[in-house]
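Each value in this text was obtained by applying a stated rule to the coordinates, not by laboratory testing. Please read these numbers as outputs of a predicted model, since none were measured by experiment. Cβ sites come from the backbone with ideal geometry, for glycine too, and all protein chains shown count toward neighbours.
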C-alpha cells in the first residue's frame, strides 16, 4: 500500500493521538501541569501534542505513557 500524495492522514493521526493522551490524562485526573512536569516536558510541548500540532518523539510518547500508566500501544493504535 502506498501513502497518499498529501499528508492529511498524518495530521489526522496526530489529532487522534493528542485526543487519546488528553482523554487518558483526564481519566486519571491529572492536569497538564502535572503531566508535563512528571514527564519532563515543557507545558507548551504537551499542549501542542494534545492539540495534534506537534509530532512527539518516541521517547516523549514513552514518558507520557509511563506517567499515565498506560501501554504505549493504547495511545498510538
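Only one of these is on the phi < 0 side of the Ramachandran plot, outside any helix (DSSP H, G or I), in contact (Cβ under 8 Å) with a residue 24 or more places away in the chain and touching a helix residue (DSSP H, G or I) at 6+ places or on another chain (Cβ under 9 Å): 30, 64, 49. Name it.
Values: 64 fails: outside any helix (DSSP H, G or I); 49 fails: outside any helix (DSSP H, G or I).
None of the others qualify; the one that does is 30.
Limited to the stretch 33-46, what total is found for residues that are surrounded by fewer than 18 Cβ atoms within 10 Å (Cβ to Cβ) and either under 12 Å from the mean Cα position of the chain (by Cα) or on the phi > 0 side of the Ramachandran plot (or both)?
Initial filter on the stretch 33-46 (surrounded by fewer than 18 Cβ atoms within 10 Å (Cβ to Cβ)): 33-34, 37-38, 40, 42-45.
With the extra rule that they be either under 12 Å from the mean Cα position of the chain (by Cα) or on the phi > 0 side of the Ramachandran plot (or both), the set shrinks to 40, 45.
Summing the residues that are surrounded by fewer than 18 Cβ atoms within 10 Å (Cβ to Cβ) and either under 12 Å from the mean Cα position of the chain (by Cα) or on the phi > 0 side of the Ramachandran plot (or both) in the stretch 33-46 gives 2.
In the stretch 60-77, what residues are surrounded by fewer than 10 Cβ atoms within 10 Å (Cβ to Cβ) and farther than 16 Å from residue 14 by Cβ?
69, 73
Return only the number of the condition from (1) assigned to a helix (DSSP H, G or I); (2) under 26 Å from residue 8 (Cβ atoms) that residue 55 does not satisfy.
Here residue 55 meets the rest and fails (1).
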